[in-house]
Amino acid sequence: MSFDISVQVPVRNGGEKFRRFLGSLAAQDLQRPWELVIVDDGSDQPVSQEFQKELGMLLDLCSVKVVAMVSGGKRPAARNMALELSEAPVALLMDADLEFGPSLLRKHLEVREDAGADVVMGRRVNGWSSNATPWQKWFDTRAMGDSPPGKFPWNYFITGNLSVTSSLLEKAGGFDTAIDRYGGEDTEMGYRLEQMGVLFHWAPSLTVNHLDDVTVTEHSGKMLEYGSTGLKYTLEKHPGIQGLLGSQWVAPVFSKPVYLFLMRILARIALAAPVYRAVLVFMQKHGRPQVLFTYLSVGACLIGLRGGDYRK
């Protein structure tokens with residue numbers, strides 16, 4: 001049997017969030033053949049055992065494949081493994097902590113056909129609950145935010161609710177497994193696809209709810225790790241994208257362009273560990289103004305890129 005689309009998802013200790021994800025898949029109204037490829041990325045209890053009932057309910061709707069990685073925690077490798085095992089011409093790259101309506105798969109295929117796009121990215125909503133925090137609502141302003149449908153830049157390429165032509169991922173060589181810590185593999189892949197002339201299309205009508213409960217403090221820790229690993233690696237691998245995420249602000253003070261001299265001085269003050277910690281404590285308590293969430297996110301990346309650690 002040939003499949004029209006392949007849902008590909010890495011999962012590690014998915015718990016109730018992954019159960020809700022599988023429930024969303026079980027409710028899909030797509031009347032065309034599709035497949036689900038799950039990569040168990042080092043779960044304490046094997047996915048095939050913990051979610052046996054939910055996976056069994058999906059067997060009448062789609063082809064289900066579950067494969068376990070020998071060693072967990074390597075998301076790019078998990079993405080590549082799912083791609084290798086899939087048979088469909090379109091890969092829908094999803095995360096294990098999402099919940100969505102019954103038309104998502106069908107609409108991804110419809111939007112791809114209508115837009116003639118190689119990559120279609122939908123919205124991932126964090127502030128979906130009536131009890132959403134200012135922190136969660138800030139997340140929804142990032143990247144494309146409330147932008148209307150249309151082309152989006154490569155540096156906003158984020159998997160989770162994104163469909164892409166499978167052969168293009170294969171041609172690009174898959175996700176870079178050298179990025180084996182948190183963050184960066186999506187951005188690096190987006191740049192390579194851009195160099196190939198791929199068309200990126202933003203489709204905000206394709207919405208999923210992100211069941212993420214990461215705190216401000218936890219997010220800052222992740223961004224610190226990203227800056228010191230994935231971001232640093234990507235900038236070294238691709239010299240043509242210097243300046244990504246404000247990295248030009250932490251270059252040596254007298255680097256070119258010279259007009260950034262004052263900004264680099266100010267950046268060093270703003271990224272001093274005592275200043276960062278004070279803002280983090282303030283935002284944990286007050287949650288406003290939202291611009292300080294941006295400072296915390298980007299700032300942690302840049303601190304990590306410089307080899308620092310605001311926690312010390």
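Within the chain, DSSP assigns beta bridges of which about 35% are antiparallel (rounded to the nearest 5).
Each Cα pair under 8 Å and six or more residues apart adds its separation to the average, and for the chain the resulting relative contact order is 18 percent. Under 20 Å from a point 7 Å along the Cα-to-Cβ line of residue 16: which residues of region 126-153 have their amide N that close? Of the residues in region 126-153, 126-133, 136 have backbone N under 20 Å from the label point off residue 16. Between 220, 279, 303, the Cα set farthest toward the positive side of the dipole of region 216-305 (charges on each charged residue's Cβ, about the Cα centre) is that of 279.
Spin-label model, residue 141/residue 272: points 7 Å from Cα along the beta carbon direction are separated by 2.7 nm. Of the chymotrypsin sites (Phe, Trp or Tyr not before Pro) found in region 216-263, the ones in coil according to DSSP and having at most 13 other Cβ atoms within 10 Å of their Cβ are 254. Spatially, region 183-237 and region 241-301 are offset by 19 Å when compared through their Cα centroids.
Counting Lys and Arg as +1 and Asp and Glu as -1, each charge on the Cβ, what is the dipole of region 5-210 about the Cα centre in debye, to the nearest 20?
300 debye
Modelled label positions at residue 199 and residue 248, each set 7 Å beyond Cα in the direction of Cβ, lie 3.1 nm from each other.
Each peptide in 209-215, 31-37 receives the mean, over its residues, of other Cβ atoms within 10 Å, and ordering these scores from highest gives 31-37, 209-215.
Taking 25 Å as the straight-line reach from the Cα of residue 65, the lysines in range (excluding those fewer than 8 positions away in the same chain) are 17, 53, 74, 107, 171. Classified by the C-alpha gyration tensor, region 216-305 has an oblate form. Its axis ratio a/c, with a ≥ b ≥ c, is 1.5 or above, and a/b does not exceed b/c. For every other residue with a beta carbon closer than 14 angstrom to the beta carbon of residue 312, add +1 if it is Lys or Arg and -1 if Asp or Glu, then tell me the sum. With Lys, Arg at +1 and Asp, Glu at -1, the net is +2. Between residue 57 and residue 114, the contour length at 0.36 nm per residue exceeds the Cα-Cα span by 17.4 nm.
Fraction of C-alpha pairs exceeding 15 angstrom in region 254-311: 52 percent, rounded to a whole number.
Annotation: extensible slack from residue 290 through residue 26 equals 91.3 nm (criterion: 0.36 nm per residue apart, minus Cα-Cα distance).
Grab the beta carbon distance between residue 214 and residue 261, set R0 = 35 Å, and tell me the FRET efficiency rounded to 0.05.
0.45
The tail of the calculated P(r) for region 7-112 beyond 17 Å holds 49 percent of all Cα-Cα pairs.
The numbers here are math on the coordinates, done by the rules we state, and not lab data. Bear in mind that the values here come from a model prediction, so they are computed numbers and not experimental data. Don't worry about glycine lacking a Cβ; one is built from the backbone with ideal geometry, like all the others, and counts go over all protein chains shown.
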